[in-house]
Amino acid sequence: MSRIVRIHEYGDASVLKIEDLAVPAPAADEVQIAVKAIGINRAEVMFRKHAYLQEAEFPSRLGYEPPAPSLRWART
């Protein structure tokens, strides 16, 4: 399960809901990363308030830009 921020209608911050979402296992050519935190940027606040250029399709997710995870690379 993954926790997401979702809105089901336009409005103030009270419309933000934290929900659980089932995440399928990654395919053979995909990776899955653990995101520990997200932020809501200005465009997403405008989107939530119905002040953005694009219309929402509800329910809509927010927080598409998580901070980069800490990665360790092996030297070859």
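The values are calculated or read from the model by the stated rules, or taken from the named source; none is laboratory data. Everything numeric in this text was worked out from a predicted model, so none of it was measured. Here Cβ is always computed from backbone atoms with ideal geometry, including for glycine, and neighbour counts include all displayed protein chains.
Computed quantities for the displayed model
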| item | result |
| --- | --- |
| Inter-residue pairs, beta-carbon under 9 Å, first part of a loop (DSSP other than H, G, I, E, B) and in segment 4-27, second among the polar types (S, T, N, Q) and modelled with pLDDT of 90 or more, 6+ apart | HIS8/SER60 |
| Segment 14-50, residues that are exposed (fewer than 10 other Cβ atoms within 10 Å of the Cβ) and under 13 Å from LEU62 (Cβ atoms) | ILE18, ARG42 |
| Selection within segment 41-65 - assigned to a loop (DSSP other than H, G, I, E, B) and modelled with pLDDT under 85 | GLY63, TYR64, GLU65 |
| Count of segment 5-40 residues which are at pLDDT below 90 and in contact with a Gly (Cβ under 8 Å, 6 or more places away or on another chain) | 3 |
